[in-house]
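Working notes, structure below.
The values are calculated or read from the model by the stated rules, or taken from the named source; none is laboratory data. This one's a predicted model, so the numbers in the text were calculated from it and none came from an experiment. Positions of Cβ are generated from backbone atoms using ideal geometry, with glycine treated the same way; all protein chains shown enter the neighbour counts.
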Ligand SMILES: Cc1cc2nc3c(=O)[nH]c(=O)nc-3n(C[C@H](O)[C@H](O)[C@H](O)COP(=O)(O)OP(=O)(O)OC[C@H]3O[C@@H](n4cnc5c(N)ncnc54)[C@H](O)[C@@H]3O)c2cc1C
């Protein structure tokens, strides 16, 4: 089913999750065990990344197919400008639709080493949104949103303008980059509303698991982490290692999630990074476990 229609039909907030497709055979069994654990929180949909971090686009379609056909999830594979030749887009969308999938997230993509811009034709995510709507008009297309601004935009306001442009180009909803200051999310939603756009923007929350993980993730996403949070993580690490960091991360994510929902967010997208337990604890602590 299309994600915006699912959101419209709900009378309670939802959680959704982001999965990274396993890249090697040795990762398959752990990945599908994680999926079974995450299934207990009944996510509204599962997103499947494509070449995130500048890696090749291995496994997105096969993982999406398995999630949809064998596990019954509503699935949203990511499609990128970076990994898609314009001439191959139609067959890519046909393959996605043949698994009964009706949603995609259209992103420009992280550049692999040596690439500085996406190929002409599909240069920006807005180009991809337009082409997907032409080639697969029944699909719901989501786009990336950045409460802290995308690093290439000159200001948050300019960035919100680019987001509005993608939504006007035919995207039906947005999913945000991870962030820690909820005011940035609500400000973005308010500014879009002031521009006449009330399409759902789903905020993303990262439950922090270890000190190393948060440093890697922040580098990868180029997203800022508030100094107070970083110093709490470092203090927790000094006192009790990564177990203490995980406990702090669970509390922080549960509070962020509850505040987002209390402030009117339709639901929350979680980044488990293919580890189920912390996300389950966060959802349980926030009182959202079914
Ligand atoms: C929820 C989410 C999921 C993601 N999943 C993946 C994934 O699976 N794989 C992956 O590789 N990456 C993924 N990313 C990362 C994303 O690909 C990068 O952040 C990328 O640098 C930008 O993608 P975008 O779709 O926002 O690009 P765009 O919307 O194209 O914007 C990129 C930048 O280009 C500029 N720009 C945009 N439109 C115009 C225009 N019309 N004219 C001039 N300049 C313009 C702006 O500076 C903007 O900040 C994801 C990000 C998010 C938030």
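Structure above, values below:
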| item | result |
| --- | --- |
| Options 142, 174: the member that is surrounded by 23 or more Cβ atoms within 10 Å (Cβ to Cβ), farther than 27 Å from residue 230 by Cβ and in contact (Cβ under 8 Å) with a residue 24 or more places away in the chain | 142 |
| Verdict on residue 175 being under 21 Å from residue 99 (Cα atoms), within 11 Å of the ligand (Cβ to nearest atom) and either out of contact with any helix residue (DSSP H, G or I) (no Cβ under 7 Å at 6 or more places or on another chain) or assigned to a helix (DSSP H, G or I) (or both) | no |
| Residue match in segment 65-84 (condition: part of a helix (DSSP H, G or I), closer than 23 Å to residue 28 by Cα and near the ligand (Cβ under 10 Å from one of its atoms)) | no |
| Residue 246, sole failed condition from (1) without any contact (Cβ under 8 Å) to a residue 24 or more places away in the chain; (2) more than 16 Å from the ligand (Cβ to nearest atom) | (1) |
| Selection from segment 1-56 of residues that are at positive phi and not in a loop (DSSP other than H, G, I, E, B) | 53, 54 |
| Residues satisfying the stated conditions in segment 144-164, i.e. out of contact with any strand residue (DSSP E or B) (no Cβ under 9 Å at 6 or more places or on another chain), near the ligand (Cβ under 6 Å from one of its atoms) and not in a loop (DSSP other than H, G, I, E, B) | 162 |
| Matching helices (runs of 4 or more DSSP H) fully within segment 185-286 where at least 1 residues are on the phi > 0 side of the Ramachandran plot and either at pLDDT below 95 or over 16 Å from the mean Cα position of the chain (by Cα) (or both) | 227-262 |
| Residue ID - farthest from the ligand (Cβ to nearest atom), chosen from residues in segment 90-109 that are out of contact with any helix residue (DSSP H, G or I) (no Cβ under 6 Å at 6 or more places or on another chain), outside any strand (DSSP E or B) and within 28 Å of residue 146 (Cβ to Cβ) | 102 |
| Some residue of segment 39-58 being more than 16 Å from the ligand (Cβ to nearest atom), under 19 Å from the mean Cα position of the chain (by Cα) and loosely packed, with under 15 Cβ neighbours inside 10 Å | yes |
| Residue check for residue 169: touching a residue at least 40 places away in the same chain (Cβ under 8 Å), buried (at least 18 other Cβ atoms within 10 Å of the Cβ) and more than 19 Å from the chain's Cα centre (by Cα) | yes |
| Any hit, segment 118-131, residues being more than 10 Å from the ligand (Cβ to nearest atom), part of a loop (DSSP other than H, G, I, E, B), in contact (Cβ under 8 Å) with a residue 12 or more places away in the chain and over 19 Å from the mean Cα position of the chain (by Cα) | yes |
